[in-house]
Amino acid sequence: MRTQQDPIEILLVEDSPSDAFITREALKEAPVVNVHLVQDGVEAMAFLRREGDYENAPRPDIILLDLNTPRKDGREVLSEIKTDHSLRSIPVIVLTSSSAESDIHHAYSLQANCYITKPSDFTHFKEVIRSMENFWFNCVTLPGHD
Amino acid sequence: MQHAGSRVRFRVTASRKHKDPVRVEGPAPQTLDTFRRFSKWSAIIAIVVGYHVMLGWMFGISVLKTPSPIYSTMKMNSAICSVVAGVCLYLLAMDRGRLSRKWRAFIRICAGLVASLALLTVIERVLRMDIGVDHWFPFSMENGAPARMALMSALGFHLIGLALLLLDNPRTARISEMLTLTSAAISLLAIAGYVYQAEAFQGQMSLYASVVILLLSGGVLCARPDRGLMAKITSDSFGGIMARRLLPATLSIPLVLGWLQHFGHRAGLYQSEPGLALLTVANVTVFISVVWWGVNSLHRMDTKRRQAEQELQETAAKLSRSNADLEQFAYVASHDLKEPLRAISGSVQILRERYHGNLGPEAEEVIRHTVDGALRMQTLIDDLLTYSRLATREAPLEPTDCSTVLEEVLANLQSSIRESKAVVTHDPLPTVKADRIQLLQVFQNLISNGIKYRSQRTPKIHVGIEDRKNEWTFSVRDNGIGIAPQYADRIFRIFQRLHTRKEYSGTGIGLAVCKKIIERHGGRIWLDSEPEEGSTFYFTLPKP
């Protein structure tokens, strides 16, 4: 069971460096978070399974997942996480720029916990991140580890 | 200072949606003219023959009354019927729907005369009484007594008269056809009799009369080649082509063969039974050949048509693939174009926040322009995507109730209507054939423009409708700031704006979208406006 003091571990799966930079910046003002950034789907799965370089990686409390990542697509990552017994309890928030209905539908049908379309304006984006944090870290009770 | 917004001017060449297919089966105008000409000439011949018969009676020239003394003569009344019916038919054949009331009345009187005169004669013949019809006109004495039309002639003329009367009334047009066919059959019977039989008999229809009635019957049928029975014969379809080629054969061949059989029998070439057998075989042979020829033609034409259809289907498939590609391309392009914009806009805003106190006021302005620029670019990309979707996301045109569409628009614009205290009114709106989502876009764009470009007065917007014969004309009138007439054309172009961004926000795509949608529906859109007087936007939608 995690306590209030433990920093929140966030896995950010995002291939665009500028989007990653902006997301991290927006998350900075939050309660204490550790943002772990991976840039493609294969790295993301390695991190989650603590393989290779990620042997000592912490288990994330929450995953922010972009859909269009190289090497392994975000949708595949989502599918793998949600079908893996040990990983599927981690809330996955799809954070992507796509507003296509097909993407939204697909994500939810793969059991994404929620879907957020990245606003184009940074101020709005900060507000969205703020709301997301408020909801997931203050309102919601996150599952404990193992 | 006029800031004309972005100068992007490329055209999104999206595919054109097929309009409703042209009806291939309509008759070709040359064919129609040929038929009408036949009508006119039948009428002329009827008049000429009738006139000469009348001369025959007036001056006692017997050849003008009958080709041979053993046959019955064409009577004066028949001649009169012939001339009057001929005049009537000629006028009707010439009429393209533009004849005045007076002429129509005249035609009706003529037809009525023919029908009545003939009818009286029929009654005389059937009831064996004398109504005196045969005395009415001078020069009608024959062998010391007034000459009376044969029963069949009278019937024939009566049917023609009725057919002429009922020709143009849509409810009775088919009856007219039937009557004409009957009179043609009667005259054909008489003519066949003349062909096969040399002997005359009492009460026989005169040869001239039977020819005249046959011609008149054909003439009446051909006077309206684009309606009813004749429409199928004149049409461009396989049926029409077959009919035009086969009907003359079916009309003439039995007659010819029958005559040959009769002639051969009379000339003693064979007895009547073998003659009949010969006739039958001849008929069978001729008809099989004609039908076989027809089958071949049909097969050829059908193959050609199937090929054309297949090509059409392939083109349609290609079109739909190309549309899908365009949609995909537009979506991906807009998606990928927005990512660097986020980087620019976001980074600069982060810059502003991080170094808030340390940057001077000029830096603030620079940052503002950068962020603004990025935001505008994003809106432009969205607008381009919307514009390109007009072509790729077309739905088929279906009956759409404009009042419910308008309700939805007003619901969508609720907050801006409330904010501006706008009053939106409308006439009762019809149901039209349209793409609902696109029609909604048009109304929404026009009404929101009316609200946006408002004057000091409370915005009042009225949606009007005018019912024209072939189209609906919609109008959206506002009391806003108006538009100078010299810009009336420009504003429908994509990204054309008349105001600076400071005065009014927006990229200038709304009216371009409206124009594209209305034109796709086959309508027109235009503007009536004066500065300070408000504007009225008109657009038309064709009726199905």
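Key figures
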| item | result |
| --- | --- |
| Per-pair calculated FRET efficiency, R0 = 60 Å: B:Ser297 and B:Ser68 via Cβ, rounded to 0.05 | 0.90 |
| At q = 0.12, 0.23, 0.25, 0.28 Å⁻¹, base-10 log of I(q)/I(0) for the stretch B:393-454 (Debye sum, equal scatterers on each alpha carbon) | -0.31, -0.94, -1.05, -1.21 |
| All aspartates and glutamates inside 15 Å of B:Lys433 as judged from Cα atoms, apart from same-chain residues fewer than 8 positions distant | B:Asp20, B:Glu394, B:Glu398, B:Asp401, B:Asp467, B:Glu471, B:Glu519 |
| Cα gyration tensor shape for the stretch A:8-139, rounded if a/c is under 1.5, else prolate or oblate | rounded |
| Under 5 Å, built H, 5+ apart or other chain: amide partners of B:Ala434 | B:Glu398, B:Thr400 |
| Relative compactness, the stretch B:80-189, computed as alpha-carbon Rg over 2.2 N^0.38 Å | 1.14 |
| As computed over chain B, the Cα convex hull volume per residue (Å³) | 214 |
| Solvent-accessible area, 1.4 Å probe, carbon plus sulfur percent, for the stretch B:273-372 | 63 |
| 10 Å Cβ neighbours from other chains, averaged over peptide B:339-349 | 6 |
| 0 to 90° range, to nearest 10: angle between helix B:101-127 axis and chain B longest Cα axis | 30 |
| Signed unit charges on C-beta, dipole axis of chain A, positive-most listed residue A:Val33, A:Ser98, A:Trp136 | A:Trp136 |
| Nearest 10 degrees, 0 to 90: helix B:402-412 Cα axis against chain B principal axis | 0 |
| Gyration tensor verdict on the stretch B:51-132 (Cα atoms; rounded if a/c is under 1.5, prolate if a/b is larger than b/c, oblate otherwise) | oblate |
| Cysteines not pairable in chain B (beta carbon separation under 4.7 Å absent) | B:Cys81, B:Cys222, B:Cys402, B:Cys514 |
| Nitroxide proxy distance, nm - points 7 Å out along Cα→Cβ at A:Ser99 and B:His356 | 2.9 |
| Entries in B:Lys421/B:Lys452; B:Lys232/B:Lys543; B:Lys421/B:Lys515 that, when Cα-Cα distance is taken, lie over 19 Å | B:Lys232/B:Lys543; B:Lys421/B:Lys515 |
| Rounded to whole Hz, the Karplus (6.51, -1.76, 1.60) HN-Hα couplings of the stretch B:274-286, x for glycine and proline | x, x, 5, 4, 4, 4, 4, 4, 4, 4, 4, 4, 4 |
| Dipole magnitude of the protein assembly as shown, debye to nearest 20 (Cβ charges: Lys/Arg +1, Asp/Glu -1, about Cα centre) | 3580 |
| Chains A and B together, accessible area buried on both sides, 1.4 angstrom probe, square angstrom | 1400 |
| Per residue value of the accessible surface for the stretch A:8-139 (all protein chains in place, 1.4 Å probe), Å² | 44 |
| Cβ-derived FRET efficiency at R0 51 Å, A:Ser86 paired with B:Glu398, nearest 0.05 | 0.45 |
| Calculated SAXS-style log₁₀ I(q)/I(0) at q = 0.10, 0.11, 0.23, 0.25 Å⁻¹ - the stretch B:445-544, Debye, Cα scatterers | -0.26, -0.32, -1.30, -1.47 |
| Angle between chain B longest axis and helix B:151-166 axis [Cα atoms, degrees, rounded to 10] | 20 |
| Percent accessible area from carbon and sulfur atoms, the stretch A:8-139, protein chains only, probe 1.4 Å | 48 |
| Förster-model FRET efficiency, 51 Å R0, B:Val284 and B:Thr172, C-beta, rounded to 0.05 | 0.80 |
| Cα shape, the stretch A:63-142, gyration tensor, a/c 1.5 rule | oblate |
| Most to least packed among B:179-188, B:277-286 [average Cβ atoms within 10 Å] | B:179-188, B:277-286 |
| Relative contact order of the stretch B:221-365, defined on C-alpha pairs under 8 angstrom at six or more residues apart (%) | 13 |
| Lysine pairs in the stretch A:8-139 with Cα atoms under 24 Å, if 8 or more residues apart or on separate chains | 6 |
| Amide H within-cut-off set for B:Gly482, under 5 Å, with H built and near neighbours excluded | B:Glu532, B:Gly534, B:Ser535 |
| For the stretch B:261-374, Kirkwood radius (reciprocal of mean inverse C-alpha pair distance, Å) | 22.8 |
| ³J(HN,Hα), Karplus 6.51/-1.76/1.60, whole Hz, each residue of the stretch B:355-362, x for Gly, Pro | 10, 3, x, 8, 9, x, x, 5 |
| Antiparallel bridge percentage (DSSP; both residues within the protein assembly as shown; nearest 5) | 55 |
| Approximate spin-label separation B:Glu311-A:Arg71, in nm, with each point projected 7 Å along Cα-to-Cβ | 5.4 |
| Radius of gyration and Dmax over the Cα atoms of the protein assembly as shown, both given in Å | 43.1, 137 |
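The values are calculated or read from the model by the stated rules, or taken from the named source; none is laboratory data. From a predicted model like this one, the values you see are computed outputs, not experimental measurements. Backbone-built Cβ (ideal geometry, glycine too); neighbour counts: all protein chains shown. The area values use the complete protein model at the heavy-atom level, side chains included, leaving out ligands, DNA and RNA. Shrake-Rupley method; radii C 1.70, N 1.55, O 1.52, S 1.80 Å.
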